[in-house]
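Peer 1: What follows is a structure written as structure tokens; I'll ask about it next.
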Amino acid sequence: MAELEFAYKHELPEEEDPERLDSLDYRRMLADAYAERGRLEDAIRHYKRAAKLAKRTDDTQTRLADAYHARENTAAAFRAYGRALATNPNDADAHFSYAEFLQSLGHTRVAARAYEKAAQLEPERAYYMCRLGEAYLRLGHVELACEALDGAIALAPDDGFYHYKLADAYFKTGRTDQAIKSYERAVECDPLDDFYHVCLAAAYLCMKRIRKARAIFERTVELRPGNACYHYLLAEVLEMAGAVAKAQHHYRLAGQLDFYDQDYVERVRARANNNHRGR
């Protein structure tokens, strides 16, 4: 089998050119290239030098902070984000990166404020609104969460991901009818995404709409005919519908589920019982 080739945005030279190391652009290019390849110590070394060469409004401090974050150097990341925000308080990306950092540490309330600031500075960024909505949901602010996710959909109405996120917010808070409408819209936007189909089918099962769930699981099996989980889930729904012979056929196609497949099936069952455990 041929090895996969990964496309990097920045080309990494075979050797660093010592005559160009006083150039901000060259330092940034090296740092970005190392960061893309997971060579974080090298990336941090060049970002630190680039930060000394950069103007106050440059985003190098944010990139340095992101590298520290990826390196799991929490204290250094915190300091670097602080410097980035102090020198460039109107940089939406800096606020967003800081929010992601805080959220990774479980500081959702403070992260929400940083997401809010990022969304205020760049109100056309749908993903900022989405992450803000997710933070609100974690804090139990359901209406604010749905409002933010609606905002993301307004900015990117044909992106199924945002409809899925809104549907999940509804589903987690017991608004299953509204969740179904949003899951349906996610499927319309991304008709080849099997996971969106599974979420919709589980929501139908939650509402005891067996025929609808069966139709969606049948479509999911068409999309991923080699997926044992989907055959198994379809078989269970066929049993519910009284189609025992067809159910047995799909149980045979599913075969013996391994641990990971069993766990996935349990997650879908949890959704169907509205005991939501996530993607």
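Peer 1: Run GLN256 past the list (1) under 25 Å from the mean Cα position of the chain (by Cα); (2) outside any helix (DSSP H, G or I); (3) polar (S, T, N, Q) and report the number of the one that doesn't hold.
Peer 2: Unmet condition: (1).
Peer 1: Identify, from the list ARG71, ARG79, ARG63, the residue that is in contact with a Phe, Trp or Tyr (Cβ under 9 Å, 6 or more places away or on another chain), open to solvent by 50 Å² or more (accessible area, probe 1.4 Å), of a type in the set (Lys, Arg) and under 15 Å from ALA35 (Cα atoms).
Peer 2: Sole residue among the options that is in contact with a Phe, Trp or Tyr (Cβ under 9 Å, 6 or more places away or on another chain), open to solvent by 50 Å² or more (accessible area, probe 1.4 Å), of a type in the set (Lys, Arg) and under 15 Å from ALA35 (Cα atoms): ARG63.
Peer 1: Does segment 108-128 include one or more residues that are open to solvent by less than 60 Å² (accessible area, probe 1.4 Å), free of Cβ contacts under 8 Å to residues at least 60 places away in the same chain and either touching a Pro at 6+ places or on another chain (Cβ under 7 Å) or within 22 Å of GLU188 (Cβ to Cβ) (or both)?
Peer 2: Yes, segment 108-128 has at least one match.
Peer 1: Quick one: TYR204 ticks every box in (1) touching a Leu at 6+ places or on another chain (Cβ under 9 Å); (2) open to solvent by less than 30 Å² (accessible area, probe 1.4 Å); (3) of a type outside the set (A, V, I, L, M) bar one, so which box is it?
Peer 2: (1)
Peer 1: May I ask you to say which residue of LEU102, LEU144, LEU137 is assigned to a helix (DSSP H, G or I), buried (at least 16 other Cβ atoms within 10 Å of the Cβ) and without any contact (Cβ under 8 Å) to a residue 12 or more places away in the chain?
Peer 2: LEU144
Peer 1: Another one. Note down all Cβ pairs under 6 Å where the first residue falls in segment 7-34 and is part of a helix (DSSP H, G or I), the second is of a type in the set (Lys, Arg) and surrounded by 11 or more Cβ atoms within 10 Å (Cβ to Cβ), and they're at least six residues apart or on different chains.
Peer 2: TYR26/ARG20; ARG27/ARG49
Peer 1: Based on what the data block shows, is TYR264 within 25 Å of the chain's Cα centre (by Cα), of a type in the set (Ser, Thr, Tyr), under 30 Å from ALA154 (Cα atoms) and in a helix (DSSP H, G or I)?
Peer 2: In short, no.
The values are calculated or read from the model by the stated rules, or taken from the named source; none is laboratory data. Since we're looking at a predicted model, the values are computed, not measured. Cβ sites come from the backbone with ideal geometry, for glycine too, and all protein chains shown count toward neighbours. Accessible surface is based on the protein model in full, side chains and every heavy atom, while ligands, DNA and RNA are left aside. Shrake-Rupley method; radii C 1.70, N 1.55, O 1.52, S 1.80 Å.
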